[in-house]
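Q: One structure is given below, represented as structure tokens, and several questions about it will come after.
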Amino acid sequence: MLEGIVRRTEPVALSAISLLEIAVRTSEGKLRLKVGPNEFFDDLQANPAFQILPLTYEIAVEAAALGNLRDPSDRAIVATARLHRLRLVTSDQRIVQSKLVPVVA
């Protein structure tokens, strides 16, 4: 799905917390990348189609108000999408069913 978006030159925004999740899951063996994590992050950072959105005070405040999501990372990701008025690409049914943010499932 992301390859199609990038090919159409649509910008893709990623919450910084998503990078942390990728790094942790890769190190735990729960996520496999086609390349090593360092190369993956270097490629991501060098690709102008991707914008990394930092975790800010405003996002933290918004995340704190999202009590129906338990996972702090999910809260930060949803809060980031809400504050930046973005659709969220996710298959996480808890997020989809929460209807807190428009999703591309």
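The values are calculated or read from the model by the stated rules, or taken from the named source; none is laboratory data. Just so it is clear, the model here is predicted, and its values are computed rather than measured. Glycine also receives a Cβ, built like all others from the backbone with ideal geometry; neighbour counts cover every protein chain displayed.
Q: I'm checking my understanding of the structure. Among residues of region 20-32 that are of a type outside the set (D, E) and not in a loop (DSSP other than H, G, I, E, B), which one is surrounded by the most Cβ atoms within 10 Å (Cβ to Cβ)? Lay out the reasoning, then the answer.
A: Kept after step one, since they are of a type outside the set (D, E), are these residues of region 20-32: 20, 22-27, 29-32.
Those left that are additionally not in a loop (DSSP other than H, G, I, E, B): 20, 22-27.
Numbers: L20: 13, I22: 17, A23: 15, V24: 12, R25: 14, T26: 15, S27: 10.
Result: I22.
Q: Select from region 14-71 the residues that are closer than 21 Å to S98 by Cα and of a type in the set (A, V, I, L, M) and list them in ascending order. Working first, answer last.
A: Here is the first cut: in region 14-71, the ones closer than 21 Å to S98 by Cα are 14-15, 17-18, 21, 58-71.
Hits for region 14-71 are L14, I17, I59, A60, V61, A63, A64, A65, L66, L69.
Q: Scan region 75-91 for residues that are surrounded by fewer than 20 Cβ atoms within 10 Å (Cβ to Cβ), under 14 Å from Q51 (Cβ atoms) and hydroxyl-bearing (S, T, Y) and report the count.
A: Matching residues across region 75-91 total 0.
Q: Determine whether A49 is within 18 Å of V12 (Cβ to Cβ) and among the aliphatic types (A, V, I, L, M). First the steps, then the outcome.
A: On the way: within 18 Å of V12 (Cβ to Cβ): yes; among the aliphatic types (A, V, I, L, M): yes.
For A49, the condition - within 18 Å of V12 (Cβ to Cβ) and among the aliphatic types (A, V, I, L, M) - is met.
Q: Are there any pairs, at least 6 apart or on different chains, whose C-beta atoms fall under 7 Å, with the first in region 25-44 and farther than 18 Å from S73 by Cβ and the second assigned to a helix (DSSP H, G or I), and if so, which?
A: L33/T26; L33/F40
Q: Find the helices (runs of 4 or more DSSP H) located wholly in region 33-93 whose residues include 2 or more that are among the acidic types (D, E), modelled with pLDDT under 95 and out of contact with any Lys or Arg (no Cβ under 6 Å at 6 or more places or on another chain), and list them. Reasoning before the result, please.
A: Details: elements: 37-46, 57-64, 72-83.
Here the list reads 37-46.
Q: Scanning region 52-74 for residues that are touching a Leu at 6+ places or on another chain (Cβ under 7 Å) and charged (D, E, K, R), which turns out surrounded by the fewest Cβ atoms within 10 Å (Cβ to Cβ)?
A: E58
Q: So how many residues does region 56-85 have that are farther than 20 Å from I22 by Cα and within 14 Å of the chain's Cα centre (by Cα)?
A: 4
Q: Pull up region 94-105, narrow it to residues that are in a loop (DSSP other than H, G, I, E, B) and of a type in the set (A, V, I, L, M, F, W, C), then point me to the one that is nearest to S15 (Cα to Cα). Steps first, please.
A: First, pick out the residues of region 94-105 that are in a loop (DSSP other than H, G, I, E, B): 99-102, 105.
Now restrict to residues that are of a type in the set (A, V, I, L, M, F, W, C): 100-101, 105.
On the way: L100: 16, V101: 14, A105: 17 Å.
Per the stated criteria, the residue is V101.
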